[in-house]
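Worksheet for the structure shown next.
The values are calculated or read from the model by the stated rules, or taken from the named source; none is laboratory data. Quick caveat, the model's predicted, so the values are computed rather than measured. Because the Cβ atoms are built from the backbone with ideal geometry, glycine has one as well, and the counts that use them run over all protein chains shown. We work out accessible area using only protein heavy atoms, side chains counted, and drop any ligands, DNA or RNA first. Shrake-Rupley method; radii C 1.70, N 1.55, O 1.52, S 1.80 Å.
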2 protein chains.
Amino acid sequence: MEENSNILKYKHLGIYTQNENVVYMREDCHVCISEGFEALTRIRISNANTSIVASLNVLNSDILLPNEIGLSDAAAKKLNVSPNDTLYVSHLEPIESLSHVRAKIYNKKLDYKAYNNIITDIVEGDYSNIHLSAFITACAGDRMDINEISDLTKAMIASGKQLNWNKEIVVDKHCIGGLPGNRTTPLVVAIVAAYGLTMPKTSSRAITSPAGTADTMEVLTNVTLSSEEIKAVVEKEGGCFVWGGTAQLSPADDVLIKIEKALDIDSEGQLIASVLSKKAAAGSTHVVIDIPVGETAKVRSTEMAEKLKNHMETVGTAVGLNVKVVVTDGTQPVGRGIGPTLEAIDILKVLKNEADAPIDLMERALLLAGELIELSGKVEKGKGTETAKELLTSGQAYEKFLAICKAQGRFSKPVLARYKIEIRAEKSGSLKRIDNRKIAKLAKLSGAPQSKSAGILLNVHLNDKIEKDDLLFTLFAESQGELNYALEYKNSHNDIITIK
Amino acid sequence: MEENSNILKYKHLGIYTQNENVVYMREDCHVCISEGFEALTRIRISNANTSIVASLNVLNSDILLPNEIGLSDAAAKKLNVSPNDTLYVSHLEPIESLSHVRAKIYNKKLDYKAYNNIITDIVEGDYSNIHLSAFITACAGDRMDINEISDLTKAMIASGKQLNWNKEIVVDKHCIGGLPGNRTTPLVVAIVAAYGLTMPKTSSRAITSPAGTADTMEVLTNVTLSSEEIKAVVEKEGGCFVWGGTAQLSPADDVLIKIEKALDIDSEGQLIASVLSKKAAAGSTHVVIDIPVGETAKVRSTEMAEKLKNHMETVGTAVGLNVKVVVTDGTQPVGRGIGPTLEAIDILKVLKNEADAPIDLMERALLLAGELIELSGKVEKGKGTETAKELLTSGQAYEKFLAICKAQGRFSKPVLARYKIEIRAEKSGSLKRIDNRKIAKLAKLSGAPQSKSAGILLNVHLNDKIEKDDLLFTLFAESQGELNYALEYKNSHNDIITIK
């Protein structure tokens, strides 16, 4: 290589592409010409400290001079460059782990070493979105066996930091989504931490839903904490509710989840690896997993739930976790709110034992908290839910909740969105069906979770007797445009809520 | 929607992303804020005439003003915009065909309607690279049955123009690549056109190889012709050798092939659909397909070749083509040259009956031309090769070749690359093995096919007696950097050519 000739000067273009590393170079720059680079060539960019792989976008305008080079924000951050820094550009050595991805595309089984190579390269940023999408698709639809899922999970655990709490028992819970408003996690953390268990809860943001636990808790407190900050909160209060992304736990998961979101899929193998790698890396020992089953939930049949339960528990054992799966009712949304702020309001009502607190959300939280308390071996079988209920009704759980929020930096009261519209029944009858997917979609179109206070406030449940003009739900949005957009979807879909 | 507020002014940024539609907007622009757009949101961009879907890249620098909007070259071309044109930006209605892609990811069978919806949206440019990669991966590795392959093929035929030659018999041939230097197509066209058959040959550029037929022929003549120009050439000369891309034949194929190239895969279903959709759309009636079999060819076993032959012939019948598959020897490269210019030189030597013309290339071209002549029913079985040979040795094929080149706009003599290095045997022995994949990779690293005259000139064949320091091959490159890069690969892989 003629090293010296492959140097270009960095110019800040400020192009945000999410995780993808993109490099911008003039088509008439000396490096493109001498090296034969063309659009989408994957190339290596280095400075004195580090190097990254990026996809080339070729420029034919003067936003760059021929001796300049631009980077997407993700790439610039990884290289930690400043304007006018010199960067060295070179051909990319073959990424060996892509041969494993190709093997997987052709239905081959991969071993731990192969998954570890893939996950390591993904965390390095060596995969383009095209490669990531192929890896996710090749692993979807029952294409990974149980050993492969265990190996992928182990590789994902090994790819990031691993926390150690120096406690014999560290509990956690997770819900296999698909059920709008089912925001039990903050309640469970408050109850079991009040009980005295250690529950350092890391959550993800929404993948394909209108809110993740991290999105909801961000309404009430800070969720973006460093590992050190999380440690301090948990040592002080026994629990936390933070976003898992910044903690560098299973960092490959954060990359893969964004591609799954773009594809709007969530396959079994990736799902198990995603959930259990986060739990194990967070230092958990005992985990309860909630699988709601319903025609329009993520898991649609008891058979699928039992298979997933079996796989979850098997992979759990393989990676050293004590996993208990609880299959629950997933036929309708839980609580009244759908969207970060609206769900936060439900949570506070339950914690404060308010008269209009959503009972279904409370009961589900008590069930899961009870299962965790039993799994930890601290109370006898059958006494868990009762113990949880005492902690909630006595106000101890609410006190613990506020204490954790304050330890995380703030407790803010939720504020409703400015734009809203009430949706009323067009006829009388019995409420026969709520389509979880469509009502979630409606909440997303109103702006959730990016717009925190957007979403839906449900006023009805399955089997309710409905009179014409009864309030079914209220749509909230932070802009008139989003409200109109959601309304358009609602008006063109008459099967979101079915009354007969 | 508040239509009037969603208007931005186009600024030329000149960012070339291959096929992908990318839109650039300031994060603080009024549209991003009011509509809640964020990075990678898929949005619709419209002007008075048409509209496209694009992925958003959010800008935080002043290469755009807040009221300006930029587009990747692909997107700008589809909208046919000029600087300062106003563009209207809106939320994207759901792309319904992506639900079929998700079904395919989960191993469901798709019908013609589903494939047709997918292919139509791909041609429209509605899929991001993430979606395209998922579709290709979901269809790879035996995941399509024979009916699905037929349906995909039909959908791809319907997605573009379809030529009609007003001839009872229109012949074509195709080689299932993987064999470096196997450039029989231009020879076959010249021979059968000289015989009087109609052979309007459209070829692709290299997918994962150092040269496609279109890359090679571009050394000698123009290959980028409009449908009207192709028609004129074929009417005059009976044959042509053009790139299929601009002819708008099976345009989805051109999009999919670039993603397959980035993934370095070529799956059976996509392969059959790609080949046969191009043939049918080009108006062919009789097609001979060459499948070379060898340990390091694309098809590695006779069993795989027989399966592919069976599928090719079945899908051919389903889409109305008379397909004959010929399984040939794929244990070593064919001819001497690997790379566009070097292969063009081989072709001319065969056509001119030169003393040092590569006999293997000539014999293979005669076999395939002979099969086509027999398939057309114009000579009796067993007489095809003989007929082809007469046309070649008499000079009629060469004359026809030059006539076609001139009809396509030029005949240029091939010129060798400036940088070269001779690779000699390090020991004596018998030449036991040539690794097709590694020698192709070496040719690619030297710059082929982007650098037309880069590549390899082979001096040896399997089973040759080799003395130490005998010339094995010459590496050619258009820059010292590429030559060094290829040499590095050669020096770190001692199993490209095995002498024992």
With the first residue restricted to segment B:120-139 and required to be in contact (Cβ under 8 Å) with a residue 40 or more places away in the chain and more than 11 Å from every other protein chain (Cβ to nearest Cβ), and the second required to be open to solvent by less than 10 Å² (accessible area, probe 1.4 Å) and part of a helix (DSSP H, G or I), Cβ contacts under 6 Å at 6 or more apart or on different chains are B:I122/B:A252; B:V123/B:A252
For helices (runs of 4 or more DSSP H) lying entirely in segment A:58-126, having 3 or more residues that are hydroxyl-bearing (S, T, Y) and within 34 Å of the chain's Cα centre (by Cα) picks out A:112-124
Being of a type outside the set (A, V, I, L, M, F, W, C) and over 19 Å from the mean Cα position of the chain (by Cα) narrows A:R183, A:R143, A:R205 down to just A:R143
Pairs returned, first residue in segment B:216-234 that is more than 18 Å from B:L402 (Cβ to Cβ), second residue that is of a type in the set (D, E, K, R) and open to solvent by 20 Å² or more (accessible area, probe 1.4 Å), beta-carbon separation under 7 angstrom, 6 or more apart or interchain, are B:S227/B:K161
**Prompt:** Just wondering, is there one or more residues in segment B:292-301 that are open to solvent by less than 10 Å² (accessible area, probe 1.4 Å) and within 14 Å of chain A (Cβ to nearest Cβ)?
**Reply:** yes
- Item | Condition met for A:L249 (closer than 21 Å to A:P200 by Cβ, surrounded by fewer than 24 Cβ atoms within 10 Å (Cβ to Cβ) and out of contact with any Cys (no Cβ under 9 Å at 6 or more places or on another chain)) | no
In segment A:204-222, residues that are in contact with a Cys (Cβ under 9 Å, 6 or more places away or on another chain) and open to solvent by 20 Å² or more (accessible area, probe 1.4 Å) total 1
In segment B:247-258, is there at least one residue being within 14 Å of another protein chain (Cβ to nearest Cβ), within 19 Å of A:I105 (Cα to Cα) and without any contact (Cβ under 8 Å) to a residue 60 or more places away in the chain? yes
Check: Before we move on, is A:K500 open to solvent by 60 Å² or more (accessible area, probe 1.4 Å), at pLDDT 95 or above and away from every other protein chain (no Cβ under 14 Å)?
Finding: no
* Does A:V101 qualify as being closer than 13 Å to A:Y127 by Cβ and within 9 Å of another protein chain (Cβ to nearest Cβ)? -> yes
Whether any residue in segment B:119-127 is open to solvent by less than 20 Å² (accessible area, probe 1.4 Å) and in contact with a Cys (Cβ under 9 Å, 6 or more places away or on another chain) is what I want to check. no
Evaluate the following for A:K108: is it within 10 Å of another protein chain (Cβ to nearest Cβ), open to solvent by 60 Å² or more (accessible area, probe 1.4 Å) and more than 21 Å from B:V58 (Cα to Cα)?
yes
Checked pairs for segment B:31-56, first over 12 Å from B:L92 (Cα atoms), second part of a loop (DSSP other than H, G, I, E, B) and of a type in the set (F, W, Y), C-beta under 8 Å and 6 or more apart or across chains, list as B:V31/B:F37
Filtering segment A:235-246 down to residues that are without any contact (Cβ under 8 Å) to a residue 60 or more places away in the chain and out of contact with any strand residue (DSSP E or B) (no Cβ under 9 Å at 6 or more places or on another chain) yields A:E235, A:T246
Of the listed residues (A:N147, A:N164), the one being surrounded by fewer than 15 Cβ atoms within 10 Å (Cβ to Cβ) and under 17 Å from A:S277 (Cα atoms) is A:N164
Exactly one of B:L98, B:L187, B:L152 is touching a His at 6+ places or on another chain (Cβ under 8 Å) and crowded, with 20+ Cβ neighbours inside 10 Å, and that residue is B:L98
Among (1) touching a Leu at 6+ places or on another chain (Cβ under 6 Å); (2) under 26 Å from A:S46 (Cα atoms); (3) not in a loop (DSSP other than H, G, I, E, B), A:G160 falls short only on (3)
Only unsatisfied item for A:E268, checking (1) away from chain B (no Cβ under 14 Å); (2) in contact with an Asp or Glu (Cβ under 9 Å, 6 or more places away or on another chain), is (1)
* Residue within segment B:78-90 that is without any contact (Cβ under 8 Å) to a residue 24 or more places away in the chain and surrounded by fewer than 23 Cβ atoms within 10 Å (Cβ to Cβ) present -> no
Listed by range, strands (runs of 3 or more DSSP E) wholly within segment A:368-476 having at least 3 residues that are open to solvent by 70 Å² or more (accessible area, probe 1.4 Å) are A:419-424
Residue pairs qualifying under the 7 Å Cβ cut-off, at least six apart or on distinct chains, with the first in segment A:8-21 being farther than 15 Å from A:I63 by Cα and open to solvent by 10 Å² or more (accessible area, probe 1.4 Å) and the second being aliphatic (A, V, I, L, M) and part of a strand (DSSP E or B), are A:Y16/B:V58
Just checking, does segment A:284-291 include any residue being open to solvent by 10 Å² or more (accessible area, probe 1.4 Å) and assigned to a strand (DSSP E or B)? yes
Q. Can you find a residue in segment B:32-41 that is at pLDDT 85 or above, within 12 Å of chain A (Cβ to nearest Cβ) and either open to solvent by less than 30 Å² (accessible area, probe 1.4 Å) or farther than 30 Å from A:A454 by Cα (or both)?
A. no
A:A448 passes all but one of the listed conditions (1) touching a residue at least 60 places away in the same chain (Cβ under 8 Å); (2) of a type outside the set (V, I, T); (3) over 27 Å from A:I207 (Cβ atoms); the exception is number (3)
